[in-house]
1. Which far-off residues, 5 or more places away or on another chain, put their amide H under 5 Å from the one on Ala61, with H placed in the peptide plane?
2. Around Ala131, which amide H atoms from residues at least 5 apart in sequence, or from another chain, sit under 5 Å from its own amide H, with H modelled in the peptide plane?
3. Return the sequence-ordered ³J(HN,Hα) values of region 81-98 in whole Hz as given by the Karplus equation 6.51 cos²θ - 1.76 cosθ + 1.60 applied to θ = phi - 60°, using x for Gly and Pro.
4. Just grab the label-to-label distance for Asn173 and Glu34, each label 7 Å out from Cα along the Cβ direction, in nm (one decimal).
5. Counting only other residues whose beta carbon sits under 12 Å from that of Asn26, what net charge do I get with K and R as +1, D and E as -1?
6. Separation between the Trp114 and Lys85 pseudo-spin-labels, each 7 Å from Cα along Cα→Cβ, expressed in nm?
7. Given 0.36 nm per residue, what is the gain on full extension from Val145 to Lys76 after removing their alpha carbon distance, in nm?
8. If we count every other residue with Cβ under 11 angstrom of Pro142's Cβ, Lys/Arg +1 and Asp/Glu -1, where does the sum land?
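Every number here is computed from the coordinates shown, using simple stated rules; none is lab data. Just so you know, these numbers come straight off a predicted model, no measurement behind them. All Cβ positions, even for glycine, are placed from backbone atoms using ideal geometry, and neighbour counts span all protein chains on display.
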Amino acid sequence: MKATLAVMSILIATLMLAMPLSSASNTVYVTDREGDLGKTWYTVSGDPVSWWSGDSPISNAGYLDILAGWITVKNKQVQMGVLVKDPIAAGTLLPDGVKEVRWAWYFYVEPTHWYADYYAFIAWDGIGFTAAIKDITGLAEPFPVIYLNSDSIAVEGNVLTLTVDSSILPGVNWWFFESQVYKNLWPLEGWARYGGWHAPDLTDGPNDTMLPWWPMP
């Protein structure tokens, strides 16, 4: 399904940037560094792939630079969102060689392992938007996947949100976000294979853990 692009007002963006980490009892809002594409926190060097330069097509794709992410739980619904540096509009190009980009949220029941219990994302192929949620709790392929309709997706300038029924994410207590680029598209019902995809930006991690979890509201 394709979501219709709309223009976001500057006022809304300003207000969202001003929101604190936990602005309300039903929202957790997390800010992220600007200009850190390809320089994610989990590597010693600060640059996860040696060929990634500031002049690369991916590093120049400001819509992959996440400035903030949030989760809101209200009225038996979960809304996940990101604020990115540059807006996405008709005519915005994918980086060279990239088939799809995603803005993803990972959800955990317990913070004890790297693989998520649930994987949710909004994907863009340069033409339109799709979204899905993958249930990894069984740890065995094929994984159940729920493909979401366009009513679940909102893309307004540089704000992207995905709204789902809370029953789709039972028992989750932790989460983090990241942007992703795919040169190869693996079947969603299987494990994500190594090679052909990268995460150019992800949640700035707390200093005391190697995993960038934040609590659910």
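1. none
2. Placed amide hydrogens put Ala123, Leu148 under 5 Å from Ala131.
3. Coupling constants for region 81-98: x, 9, 10, 10, 5, 10, x, 9, 9, 4, x, 5, 9, 6, x, 3, x, 9 Hz.
4. Rounded to a tenth, the inter-label distance reads 3.6 nm.
5. Working: positive: Lys74, Lys76; negative: none.
Within the 12 Å Cβ shell, the charges total +2.
6. Those two pseudo-labels are separated by 2.6 nm.
7. On the way: separation 69, 0.36 × 69 = 24.84 nm, distance 2.02 nm.
Fully extending the segment from Val145 to Lys76 adds 22.8 nm.
8. On the way: positive: Lys134; negative: Asp135, Glu141, Glu189.
Around Pro142, the charge tally is -2.
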